[in-house]
Amino acid sequence: MSFNRRTFIQNSVVAGIGAGLVSVTGNSALAYPRPEKNAISLALWSLIRYFRAGVWKLTDAHRICREDFGIDGIEYVTAFFEVPVESYLRRLNKASDEYRVKNVLIMVDGEGDMVAKDKAVRMQAAINHRKWIEIAAYLGCHAIRCNARGGGATAEQDPDALNRAAESFSALIDYAREFKINVVIENHGGLSSDPKWLPQLIKKVGSPDFGILPDYGNYSPGTDFAEAVRLAMPYAKGVSVKAGWMSDGTHPQYDLDKLLTISKDSGYTGFWGIESSIRRKPEERPETPEDQKKDDWQAVLWTKAAIERVVFG
């Protein structure tokens, strides 16, 4: 991004959030280049329980990433933005610079159904996402993560869902291109958790600014996790390394090292996002925020160690 373009966004973008007031002149942006080096980022959903306990806020995140975990990037969640106005976003950028932690992407939830059968509903959802495109540009992120659940129907039950999703996501991509922001979809329930459906959607839209954020844990029941990851990786613009640990440090749901190896062998480079937790029986769950912190922090460190061992080892 040139200095003039970046300055324009820094000074103007938030004033137009949600109102469609921001425009950027000049040539359409090329796709955000995939980083040539690997790094680790933290999906802040990993700390959701501790966040809900009121112990930390989003403005603490960069410090936690650097000082507690030695992690180089942050993946935001829209629910964590207390007041997304310019002064607040400036604080996030300042913390990013201070702690040398890259703002990587924003996970967007609750902005409408991008696969709705009613065209007005799905196109409104595309418009609703625009403010997060602008915020992502302001923060220097490379992407926003969207959902494409499709009301819980399967691809066989709703064959037209592919066309509907292609229409709404194409409209969102057209808007995002002006800000050099990628649009990525996570397998996050419904149609998106069908390992074959998301690659079909990416190919149908046919934009270099559109991709997948493969989540290791969010596939439909009975899915071959390894094959699902293989299908997604050619279109990956990030990787969500979901890990649900047992309290003894084992990971029985799937072979985490194997999925990391598949992702690495695909030729992917970039941020490897940690989304982790420790799974306990109800009677074993932490009783205090400090106990919950120990669980959250331990899960992040175990997942980081797995990434370092497989990807960087």
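The values are calculated or read from the model by the stated rules, or taken from the named source; none is laboratory data. Bear in mind that the values here come from a model prediction, so they are computed numbers and not experimental data. In this analysis, Cβ positions are derived from the backbone assuming ideal geometry, glycine residues included, and neighbour counts consider all displayed protein chains.
Things worth noting here:
- Extreme residue, farthest from the chain's Cα centre (by Cα), among residues of the stretch 94-143 that are closer than 20 Å to PHE69 by Cα and small (Gly, Ala, Ser): ALA95
- Looking only at the stretch 40-78, residues that are more than 18 Å from SER276 (Cβ to Cβ) and either aromatic (Phe, Trp, Tyr) or in contact with a strand residue (DSSP E or B) (Cβ under 9 Å, 6 or more places away or on another chain) (or both) come to 3 in all.
- Residues satisfying the criterion are present in the stretch 165-187 (criterion: of a type in the set (Gly, Ala, Ser), within 30 Å of ASP60 (Cβ to Cβ) and assigned to a helix (DSSP H, G or I)).
- Considering the stretch 210-241, the residues that are surrounded by fewer than 24 Cβ atoms within 10 Å (Cβ to Cβ) and of a type in the set (D, E, K, R) include one that is farthest from ASN182 (Cα to Cα), namely ASP224.
- Any hit, the stretch 242-252, residues being surrounded by 18 or more Cβ atoms within 10 Å (Cβ to Cβ) and either within 23 Å of ASP158 (Cβ to Cβ) or modelled with pLDDT under 95 (or both): no
- Filtered by the rule that a residue be within 21 Å of the chain's Cα centre (by Cα) and either within 15 Å of TYR216 (Cα to Cα) or part of a loop (DSSP other than H, G, I, E, B) (or both), the stretch 270-299 gives GLY270, PHE271, TRP272, GLY273, ILE274, GLU275, SER276, SER277.
- Verdict on PRO221 being out of contact with any Leu (no Cβ under 9 Å at 6 or more places or on another chain) and modelled with pLDDT under 95: yes
- Helices (runs of 4 or more DSSP H) wholly inside the stretch 194-269 containing at least 1 residues that are of a type in the set (Asp, Glu) and out of contact with any Lys or Arg (no Cβ under 6 Å at 6 or more places or on another chain): 225-232, 256-265
Okay, residues lined up against (1) closer than 12 Å to VAL239 by Cβ; (2) surrounded by fewer than 18 Cβ atoms within 10 Å (Cβ to Cβ); (3) out of contact with any Asp or Glu (no Cβ under 8 Å at 6 or more places or on another chain):
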site	(1), (2), (3)
LYS258	no, yes, yes
ILE262	yes, no, yes
ILE274	yes, no, yes
SER277	no, no, no
PRO282	no, yes, yes
PRO289	no, yes, yes
LYS294	no, yes, yes
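- So LYS196, is it touching a helix residue (DSSP H, G or I) at 6+ places or on another chain (Cβ under 6 Å), surrounded by fewer than 17 Cβ atoms within 10 Å (Cβ to Cβ) and under 22 Å from ALA236 (Cα atoms): no
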